[in-house]
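Values quoted throughout were computed directly from the atomic coordinates according to the rules given, and no laboratory measurement underlies them. Quick caveat: nothing in here was measured; it's all calculated off a predicted structure. Glycine also receives a Cβ, built like all others from the backbone with ideal geometry; neighbour counts cover every protein chain displayed.
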């Protein structure tokens, strides 16, 4: 046998080892009609899967790697990041080995794993195609890192892990976040969401209760106010933080905490993370002058998550 | 790196891979494999639809072939083609492979001669619930994450050691399905 061939066989064995290693923490989630989805035993007694594949809130079961079925309860779901959390009896299977997705680079070999039934895990193979920093997906959730790969997410692969060639879990694959490419919710984001779902059953997001759009001032206003533009308030909900702070429709937010505003994303970023209860210091253009205001960030109503 | 290793393993297989031309797969033809030590060529039943077929070796030689066994339910046909003296491809049981093991297919996708696609094994056995189509869910399949196209039909799916573990037959839900080598052996054994 040539060196080339034994190297290929060694790589093949390594990939199969990676599948077996992470596969020991992999369950099939029965929470929708027909095909199950995949879940990963993230912490002892806690299974992570994708939110969109959990179609019912009760009568959920999971199939463990030994083929046995056990009941699971829904801890909570976060549409924004497409993650849902299930609780099963502790001590039934190993906890998944977690990696550090910040180290992934385009070209790294990766596998997507699934369990559709009680038999062996399933695998799809590819390479990381793009990486990047924080981004916001169309469902509204903040994702700490961009990890995109060229692998095919077959039916049932949603909720399963992306693993590297050594079997370490880099995140949870979601078919629903950006088709047709496989998008991975990285370990750090999953940990953050898991923490919040375990604490309160949902993910708290900052909210001030106002709709706005970016505007640029005309030349005269720019000169007079020494500001280029900002976010024009179009509507303010009654009894919302913006209303309590005395903001008015027609105000233009020109700075937040002293930083000039260029895009609505700057405000969204300030409302992300653990911010409920903290305050925003705003400068507003109102009636041709600058006034200041302080808004205490509220919690976005759960009906708007 | 991996590409060159795969092409090395595939290059050893290519002399055993043929094109089957009988107009059944429109425009592209299908593929076939000189099966082990049997002296026969194996392909899909849907590739060799007629009793007489034309077999073209990788080096361009052509020969007339005739179908000596057929199992339409398993989508297999066994072809005898005199005079080509092709080296038989070594075969192996896919059941000894684990999910994630490297596999590659050799065929003529869209008429491209001896093209190689690589991927990994997903499962060996019946299709998962929700995949089964046309009663095909009851058979065991080699299920692989590897890109196939018309023209791959009847060609080999091989493992990292270059052993042919199945005959590429179809794509269901994006998944490549191949008839497991032991099922092929069983049909070949009926021909004497």
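Remarks
- Potential lengthening of the chain between residue A:57 and residue A:134 amounts to 24.7 nm, from the contour at 0.36 nm per residue minus the alpha-carbon distance.
- Once you reduce region A:236-277 and region A:144-189 to the center of their Cα atoms, the two points are 33 Å from each other.
- Of A:31, A:285, A:96, the one that fluctuates the most in a GNM where chain A has Cα springs shorter than 10 Å: A:285
- Relative to the longest principal axis of the Cα atoms of chain A, the long axis of helix A:187-200 lies at roughly 70 degrees.
- Using a Förster distance of 60 Å, the FRET efficiency for residue B:71-residue A:292 (Cβ separation, nearest 0.05): 0.15
- Average Cα contact separation per residue, region B:11-88, under 8 Å, 6 or more apart, as relative contact order %: 31
- Cα gyration tensor category, rounded, prolate or oblate, for the protein assembly as shown with a/c compared to 1.5: prolate
- Residue B:129 versus residue A:213: modelled label distance in nm, points set 7 Å from Cα along the beta carbon direction: 5.0
- With the highest mean first, a sort of the peptides B:67-75, B:156-164, A:67-75 on other beta-carbon atoms found within 10 angstrom per residue produces B:156-164, B:67-75, A:67-75.
- Highest average packing first - A:102-114, B:84-96, Cβ atoms within 10 Å: A:102-114, B:84-96
- Cα shape, region B:94-188, gyration tensor, a/c 1.5 rule: rounded
- Counting every other Cβ atom within 10 Å of each residue's Cβ, A:38, A:292 order from fewest to most as A:292, A:38.
- Principal-axis analysis of the Cα atoms of chain A puts helix A:3-23 at an angle of about 70° to the longest axis.
- Counted by neighbouring Cβ atoms within 10 Å, the residues A:217, B:104, A:125 run from fewest to most as A:217, B:104, A:125.
- Shielding by partners, peptide A:15-25 (average Cβ within 10 angstrom, other chains): 3
- Choice from A:115, A:79, A:34 showing the highest fluctuation, given a GNM over chain A with Cα pairs closer than 10 Å: A:34
- Mean separation of Cα contacts under 8 Å (6+ apart) over length of chain A, as relative contact order %: 14
- The mean count of C-beta atoms from other chains within 10 Å of the C-beta of residues in B:112-120, rounded to a whole number, is 2.
- Of the residues B:30, B:83, B:107, the one that moves most in a GNM of chain B with alpha-carbon contacts below 10 Å is B:83.
- Neighbour counting of Cβ atoms within 10 Å sorts the residues B:179, A:29, fewest neighbours leading, into B:179, A:29.
- Relative contact order, percent, chain B [alpha-carbon distance under 8 Å, six or more residues apart]: 22
- Per-residue [θ]222 nm for chain A (sum of -39500 (n - 2.57) over DSSP H runs n ≥ 4, rounded to 500): -5000 deg cm²/dmol
- Extension gain, residue A:191 back to residue A:272 (0.36 nm per residue minus Cα-Cα distance, nm): 27.6 nm
- Applying 1/(1 + (r/R0)^6) with R0 = 22 Å to the Cβ-Cβ distance of residue B:147 and residue A:105 gives a FRET efficiency near 0.40.
- Estimated FRET transfer efficiency (residue A:262, residue A:69; beta-carbon r; R0 56 Å; 0.05): 0.60
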